[in-house]
Structure formats: C-alpha cells, structure tokens
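Remarks on the structure that follows.
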Amino acid sequence: MSQQSSQGVSRRGFLKGSGAAVAASTVVSSTEAEAAAPGLQVVSGETSITMKVNGKSMTAKVEPRTTLLDVLRYQFDLTGAKPVSLDGSSGASTVLVGGKAVMASTTLALAVARKEVTTCESLGGDVVPAAFVEHDAQQCGFCTPGFVVAVRAFLNRHPDATEEQIRAGLNGNICRCGTYANILQAVISLVKGN
Amino acid sequence: MAEVTYSWPENHKARLIGKRISRLDGMEKSTGTAKYTYDINLPKQLIVRALGCPHAHCRVISVDASAAERVAGVVLVHMIKAPGPGDDPVEIRADGTLLVAVAAETEAAAAEGVSKLKVKYELLESFVDDHDLQAAEAKKRTKKAGGGIELDEALGEPGDDDDEEEWEEQKVQELFAQSKYVVEGNYGIDTITHCCLEPHGSTLHWEGDRLKVNLSTQNVSRTDDGYADALKISADEVDVHCEYIGGGFGSKFKPDYWGITAAEIAKKTGRPIKFLLTRDQELKIGGNRPSGFIDVKLGADENGVVQVWDSHHWGTSGFNGSTVSVGNFPYVFRPKNWRRRATGIITDNEPSVAWRAPNHPQACAITQTAYDDLAAKMQADSLDIFLRNLENIDSPEKSLVYAEQLRIAADLIDWRKHWHLHGKGNRRGSVVEGLGIGIHKWGGTANSSNCLLKIHPDGGVESYCGTQDLGTGTRTICAMVLAETLGLPIDAVKVNIGSSTYPFSGASGGSTTVGAVSESHRRAAQEVLAQIFDLVAGKLEVPADKLEASNGSISVVGYSDKSMSWKQACSLIGIQPLEVTSIYKRGDDSPLSSSNVAGCQMARVAVDTDTGVVKIIKMVAVQDMGLVMNRKTAESQIYGALIMSIAAALFEQRINDPKTGAFINSELDNYRLPRLGDTGELVVHFHEPESERARGVIGLGEPPAISGGAAIANAVCNATGVRVPTLPLTPKRVLDALRTAKG
Ligand code: FES
C-alpha cells in the first residue's frame, strides 16, 4: 500500500473512507490538490478533479472517499479494471498511475488528481493482450484486464525476465479459472520476442 | 432435398475442428472492453448493497433503518430476510445471509447506508463442526444420508432364520479375516466456496411490465421462470442477457433471492438497479461445496487387489444437512464386496450448490487415498496397485483405457525414475519429494440445444442460440462448427449467444455445453447446406450429393472448375434469408456426441518437513474427451482444472469460528487461492486414439477437475511416508501429521 502514503493519503484515512462509515475529509498534498494551496490541505465534500486517463484529460466529481476504481467504472465507463476484492488482494483492478501499477480499488481518486492513469482499455495495440489471445491466457476473462496491466508493468521493469522471475513476479493477481499456465506461456513468449 | 445425415468431417478434411483456434472474444477480454453484468451501467441506475447477517445462527428481532435512510444519496431501504415493523422475528441459519438492502446513487452511499442500519439480534446456539461426527451426534445435528451393501454372490444368501444385518456383518468380518492386507484410515476434505471473481448478481430494469435482466448466469435460457415465479409474472415477460460471465462453476443457475430483491427494488423505485454481492458475501452465500470425512477399512489379497471395502463418511452441506453423495464410494474402483454409509451434518452455513463435478473430487480425494495407503502398507509401487485394481472398477469396459492412460501419464512424469517407496526417498536438507496418482470419470452428455441459422442472399451468415460462454470458449466453438460446415473462414459467421430471446439452449452445468452447441450448430449448418446444394445442383446441373463446400465456394467433388462462390450460391436463395432452426434434445441418440470419459492425473511434489510447505513440482493430466473440438481452449480447460485441484488440495478452505460459527476467512487475503508461482510445471495430454474421435463430442469441463486432489495428497504421503489426512494440506496440517507420526 505504499502508493497511498507516498501520495499523501494515509492508509488509515483511506480505510475509514472505504468502510463508508464517515469520510468527511481527506488530507492531500498540495501538488495533487486541485486548489494549489501550499502545504497540506483538507478537502471535504464533493470536488472536481482532473486526471489524464489513457492520454485524455478527464474531469471527475469525487468525495474524499471515492476510489479511483469507482471513478473509472462509474464516471468514465472504463470497466476493464474490476471490483473483485476491497483490499486489492486480487489485483483485478490493476491500472498504471504515472507508469506504476496500483490497485484502483485501494487508491483514492483525490490522490490521482492531475496524474496520468493508464488502463487496459488503452492497450489494444500493445503486444501483451495479443500474447494473451495467442496463448489463451483467459477463460471467463474477469481477471484478465488486471493481469494484462500487471504483465505490462512487470515487463517494463524486467524486459528480459527469466521463467523463474516471471513465476516470482506475477503473484499479485488471482485467477479463479486457472489461467496461470497460459499466462506464463504468454509472458515467456513476450520475453523471447516471438 | 435428401435427408441429411449428421456427421463430423473426417480428420484429414477438417480445417478448424480439432485445431488450435484462438477464442474470438479474446481481444475484448484482454483489453477490458468485454462487458460483464457488473460492467453494464444503465442510465439513472441505483447501486444496491445489502447487510449480511453477522451471526451464524440468530433471530433478527427488528431493524431500525432511520439513520440509513438519512444518508445522502440513499433512495430506498428494503427488507430482504428481516422483519418489517410488527412482523415476527426471522430465524437466520448462515453467516452472510442478506437481511436488508440499501439502494443509493453510488457504491459509497449504498455502503454507508448499510453501515447505518441498526439491527437487533437474538443470538442462538450455533454449530459448525463438520469434522467431529460424535460431537454432531451429541448435538443431534446428524441426518442419515444413504448407504448400502453389495456382497459377492459366491458368499451365498442369508438363511430364512438369519438376521440380514447380522449375517452381512459376519460376512464382512470374514472377508477382512481372509485379507492378506487390511488398511484402516480416515481422510477428509474441507468445504470450499465458489468464489467467482465476478460475484453473483444482476443489473436490471423494467420496461413497463417487462423485466430486462443482465444476469451473471450459467443458464441464460432458463432463469426467466425463476423471476416469473417469484414476481408473479409470466416467463415471457422476462428477458435475460449474459454476453460475458466472470466465473460460473455450478453456482449461477438461478436468479437467487438477491436477484429477486433487485427486481423488486427496481419496481419500487422505477429505476434500473445494479446489485452484485460483495466479496465477503460472494464467499459466504455465493455457493459452496460440501465437505467429506471418512472412516475406511479395506481388505486386499496378496496382489493388493481390494476384496472388501467398508466405509462410513460424513460432512456438511450447510443447514440442510447433507454430505457428499454416497453412490461413488469408493471412487471409480468397485471391489466385489462393499459396504458404505453416509451421515449428513447440519451446520449453520449456507446450503451447498453444485461445484465443478459435484461430489466427484471429494469422493476421489477421500477414497483413492486409501488405495494409496494400501500400497504404502504393502511397500509396493502405487502405480502397480492402481493398475491391479483396475480389474474391479465400476465401468469395467474402461479398464483398458485407464491402464493406457496411466502408462502415458507415468511416462510423462517419469514415474520409474522418480518413484521410491513411501517415505523412502532421498532427503535434500529438509525437503523430500514424492509421486501420487488419482483417476476419474465423468458423463459429459450434450445438453439440449436449438440454433437458428440465417443465411442472407448476400452470403451473410448469422446464428442465434440461447447458450452462454463461461470462458470455456462456447462462442468460438459455435463459429468453428458453422464455418467448418459451410466451408467459410471463421470470421465470415456472426454468432449470437447470451440472450433468452434466442432459441433455447440448456444450462452450462455438467460439462454439457460444447456438446450441446456442437450438436445444434452442426445440424443447422448441415441442413442449410443441403438446401443450398439443391439450388446449386440445379444451376450447375450436377447431382447435389456430388457437391462440397470449401474455401468459400461450392464445387463438384473432383471438378474444381465446376464451382460457384459462396456468395453466388447464396444469391440463388431468393430475396428472403434462408432460415433453419435445429433442435437437439438431450439424450437423443446422435452420431455427433456421446458420453463417459476417463482420465488420470499424477503429481510430483516437494515437501519441506521443517515448514510443512508443499510445492507442486509437476502435474500431468491425461484425458479423453471423444472428438476434440478446439485444441487450444480444450487444453486451457485442463490447465485450469489442474490449478483448481491444486487450490483445493493445498490452499482453499472455509474456516468457521467454532464458537460463534462465523465464516472468518471470507476475504481473498485469507481465503487462500494459488497464485501464478504456486502451480509448478503442468502437462496436458489428450488421449485420442481414432476410436475416441469416432465417439463424437463429450464434455470436458469437469473431469480434469476431479482427481488432482487425490494425486497431490498421495504424492505428499509418498514423499513423507506419513498420511496427512485432510485436504487442504496446509503447512500446519502437514507438520501436525509429521509430529503425530513421530509420536
Ligand atoms: S479467467 Fe476467470 S478468473 Fe481468470
């Protein structure tokens, strides 16, 4: 969960919000807040933020408790990232924020203000989904978008990964249908460049 | 038109069938544009969340919804299984049972509304222990769940004066006394949950009196009646759609009570409703597989062939108190003499629903382990013992098939090289390795299916069928069959599935769907083609039976110059499309499909005796399935099934708190499932001699999900020399078993 604290939103504050009990306010750092006041700032109620999603500037209305996942799915109709587990332990909501893989389900929308978000919907021309299709690395497909983004992020860091590294490096995502063997083949093929 | 004889193309002529074809919707799934029920956002929709009961057994006395109703964005609070003002208390028998629904403008507001509900409960004593039969008996929580006995005719019959049961008991004891080897053991497997990644639920709205439902369902054609019954409307007023479903392993056949709630709230509010279970609710009430525990005694002759089997098993399917069905004990094997008995335990849990190959994985895991313990006791090779016992199996005609499959699997896993007697392998530090086997069977009869096939005068081809694609690749199979039959490229046919407004097709359960759609689509395409052949024959002045469709044209066999393009041929249809609706009824004798497959799996594992951690080194699956349709997706089914077997063998289990009954690991960080790094090397082998192809299509989904658990459990026993009796074989259980064995 380091992505939250590094973005100025405390884990505790977040959990309070996601529990939906009360989340009247969230502390965000000035660089991310819409109003560019110096230092930390308290935001409460509904505010508008912008973020760059798949290259396009988008505006969302958010409360402090609103997750990035809810913004993507309900305001931008980008439903590739999936709501599978509240705590991010399934990896199904993986997206890239500033090039880094995060779980949209455990990332507050306010923490993403003015940042670049990449979702699997933008990866149509990427080699990763094509390899998933070629190796049939999907059954029901509900975990697949999260896996595709996780693989993209993994390959960005480890373009020459060995099989051992692949087996060790893609354990943040769950597939109930059991497509791991196919995903492994897909990633091996990408590393080999075929 | 001559009568159409249904058949599959010969192997060397098939262009698509039996080949590796990429699934047609792969790109949509991989780039997140495939729309699942959860993803469909309707204008003005409300989101519903519900309060799940936090207690396993209680009475709900009253609900105070006033604070919830005051939450900004909350539109409606609706009682599900809770009393309204002045109503009698409602008894709840399972943690997670949905009590009250809150409909709101956003997910967050709905969740906040739920958190503001004030409910008064009266706690009742709960009981959740399914391991301890005596404890259940003491609490009067047991129910008889069937049984029976069969003794070899050579043993004679009880005399007129004999008490039948006493006579049988005496014979069974005599058989044990005559046995060279007697094994007594107890084995078990815990309850697991479906845990579909897309939880159960719907996004729906009313259009006047018509209910339009997007439902995450395995049963597109036949959930309308469930809505109709509950809502007092008729089935023709309900349309059900499901283009994509995020996981369905036997639990998504009905609207479920929360689906009815969604329709009721949509009616009350006049707005579309999205109501999917939370992860915690999906695990608690979305569906679970019954547990099974067994006491076994078996007796074998000097060759290790089991002569007598005597077992009593128990387990729970929740508050309706059933267990794994007794009919399959021992699994696949059927000694000449057997006695078996089952007892269900009533626990305060949601009743179980079908899970991939209902009853088989548990029966396999808790009986074929006893066969392996026989090998251990004899200090014999487990493979030899499995092979020798093929002389007594429940489908004797399959014994040669199993023998061949075991031989192939043994080669693939290098059995002879890695085999050692139980507990006698080399130790590397604290790590020991072992091998294990399981064998399985399944029916896989094609379900009923109808297909409407339309050929347009411009050559366009479209099909309609109310089936669904659970991820097995149904959509792709439909297209392959049509394109193969009509001699067209696969992208020339437009397949429509996933709507109850299309012709009926059976539910996807029991490995029946690929057979079903292969039947209906092949029949429709062959019938259409016969009509087009008649038209072309007239035009080309050749007999229709000399025509064939291939490479986008219709030509005379042997005379490629006498031909017509598909488009030209279709222009002969006239101005209206040619339509054919095929009808296939389950059980109809057909040359296109049949049933009954066999399979075996072997596992090679490494066990760390210091930490109790079991790692899969390699698993091999050998499987027959009649005619292989799509080699690529069929292989994926088996890989997936192996991984699910690893899940149930090593990781997943429902854990109830013994005191409160609460289901305490209902989130994914604690409900453990294997990850990519946990699966080892997986090898899939299709067992397909020509005799198999000739059987036509047979369902594949369930069979490879059965025997992996037994294979892994047996491999762990082979590695350590100690039986870890209950699956999943968690590190703690492995260490406990090792400690107990040491004394
Ligand atoms: S493909 Fe179904 S969960 Fe991964």
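The values are calculated or read from the model by the stated rules, or taken from the named source; none is laboratory data. Predicted model only: the values in this text are computed from it and were never measured. Every residue, glycine as well, gets a Cβ built from its backbone with ideal geometry; the counts of neighbours run over all protein chains shown. Accessible surface areas use protein heavy atoms only, side chains included; no ligands, DNA or RNA. Shrake-Rupley method; radii C 1.70, N 1.55, O 1.52, S 1.80 Å.
Brief remarks on what is shown
- Mean per-residue shielding of peptide B:13-23 is 1, counting Cβ atoms of other chains within 10 Å of each Cβ.
- Taking only alpha carbon atoms, the stretch B:92-174 gives an Rg to Rh ratio of 1.38, where Rh is the Kirkwood radius.
- Value of Rg/Rh across the stretch A:47-120 [Cα atoms, Kirkwood radius]: 0.91
- Heavy atoms of chains B and A lose about 4600 Å² of accessible surface on contact, summed over both sides with a 1.4 Å probe.
- Extending 7 Å from Cα along the Cβ direction at B:Ala403 and again at B:Val557 yields two label points whose distance is 3.9 nm.
- Summarising the label geometry, the points placed 7 Å from Cα in the beta-carbon direction at B:Val182 and B:Asp411 lie 4.2 nm from one another.
- Sites B:Arg210 and B:Lys585 - FRET efficiency at Förster radius 25 Å, r taken between beta-carbons, to 0.05: 0.30
- Fraction of accessible area attributable to carbon and sulfur, the stretch B:447-584 (%, probe 1.4 Å): 51
- Förster radius 30 Å - calculated FRET efficiency between B:Glu391 and B:Asp129 (Cβ-Cβ, nearest 0.05): 0.15
- For the protein assembly as shown, the normalised intensity computed at q = 0.06, 0.10 Å⁻¹ comes to -0.45, -1.22 (log10 of I(q)/I(0), Debye sum over alpha carbons, equal scatterers, no solvent).
- Dimensions of the stretch B:447-584 from C-alpha coordinates, computed as largest minus smallest value along each principal axis and given longest first, are 47, 29, 23 Å.
- Where only C-alpha atoms are counted, convex hull volume of chain B per residue in Å³: 195
- Taking every alpha-carbon pair within the stretch B:387-479, the share separated by more than 19 Å comes to 67 percent.
- For the stretch B:516-572, the spread of Cα coordinates along the three principal axes comes to 37, 20, 20 Å, biggest extent given first.
- Probe 1.4 Å, protein heavy atoms only - accessible area per residue of chain B in square angstrom: 37
- For the stretch B:633-743: relative contact order, % (alpha-carbon pairs under 8 angstrom, 6 or more apart): 36
- For B:Gly721, the residues whose modelled amide H falls within less than 5 Å of its own, excluding neighbours fewer than 5 places apart on the same chain, are B:Gly423.
- Separation of the alpha carbons by more than 25 angstrom is noted, of A:Lys61/B:Lys268; A:Lys56/B:Lys35; B:Lys44/B:Lys81; B:Lys297/B:Lys377, for A:Lys61/B:Lys268; B:Lys44/B:Lys81.
- Environment charge at B:Pro689 (Cβ cut-off 11 Å; Lys +1, Arg +1, Asp -1, Glu -1): -3
- For the stretch B:241-391, the Rg and Dmax computed from alpha carbons only, in angstrom: 21.4, 74
- Alpha carbon Rg of the stretch B:479-530, scaled by the compact-globule rule 2.2 N^0.38 Å: 1.18
- The residues neighbouring B:Gly344, those whose beta-carbon lies less than 11 Å from its own, together hold a net charge of +2 under the Lys/Arg +1, Asp/Glu -1 convention.
- List of the stretch A:114-136 residues, accessible area with partners at least 50 Å² below that of the chain alone (1.4 Å probe): A:Val133, A:Asp136
- What the Kirkwood sum gives for the stretch B:34-144 is a hydrodynamic radius of 15.9 Å, with every pair of different alpha carbons counted.
- Shielding score for A:73-83, defined as the mean number of other chain Cβ atoms within 10 Å: 5
- Carbon and sulfur %, accessible surface of the stretch A:122-192 computed with the full protein complex present, 1.4 Å: 52
- Here's the picture: charge each Lys and Arg Cβ at +1 and each Asp and Glu Cβ at -1 in the protein assembly as shown, and of B:Val683, B:Phe663, A:Met103 the one pushed furthest to the positive end of that dipole is A:Met103.
- Cα-based Kirkwood hydrodynamic radius, the stretch B:523-666, one decimal, Å: 21.3
- Simple point charges give the picture: +1 on the Cβ of Lys and Arg, -1 on the Cβ of Asp and Glu, and for chain B a dipole about the Cα centre of about 2320 debye.
- Per-selection metrics, the stretch B:344-384 (Cα): Rg and Dmax in Å: 15.4, 43
- Over the stretch B:122-167, equivalent-ellipsoid semi-axes from the Cα gyration tensor in Å: 39, 12, 8
- Taking a straight Cα-Cα cut-off under 18 Å and skipping sequence neighbours fewer than 8 places away in the same chain, the lysines within cross-link reach of B:Lys19 are B:Lys632.
- Shape index of the stretch A:122-192: Rg/Rh, with Rg the Cα radius of gyration and Rh the Kirkwood radius from the inverse mean 1/r over Cα pairs, equals 0.91.
- Residue-span extension gain [B:Asp657 to B:Arg428] - 0.36 nm each, minus C-alpha spacing: 78.7 nm
- For the stretch B:109-158, the list of trypsin sites (Lys or Arg not before Pro) that fall in a loop by DSSP and count at most 15 other C-beta atoms within 10 angstrom reads B:Lys139, B:Lys140.
- Whole-Å distance, taken between Cα centres, linking the stretch A:93-140 and the stretch B:1-19: 42
- Magnitude of the charge dipole, the stretch A:122-192, Cβ model with Lys/Arg +1 and Asp/Glu -1, debye to 20: 180
- Calculated FRET value between B:Glu690 and B:Glu3, using beta carbons and R₀ = 35 Å, to 0.05: 0.80
- Share of carbon and sulfur in the accessible heavy-atom surface of the stretch B:112-173 [1.4 Å probe, %]: 42
- The protein assembly as shown: antiparallel DSSP beta bridges as a percent of all, rounded to 5: 80
- Percentage relative contact order, chain B, counting C-alpha pairs under 8 Å, at least six apart: 16
- Gain in span if fully extended, B:Lys143 to B:Arg59, counting 0.36 nm per residue against the direct Cα distance: 27.9 nm
- Descending Cα extents along the principal axes, the stretch B:616-736, whole Å: 56, 33, 24
- For the protein assembly as shown, a crude dipole built from +1 on the beta carbon of Lys and Arg and -1 on the beta carbon of Asp and Glu, taken about the Cα centre, is about 3180 debye to the nearest 20.
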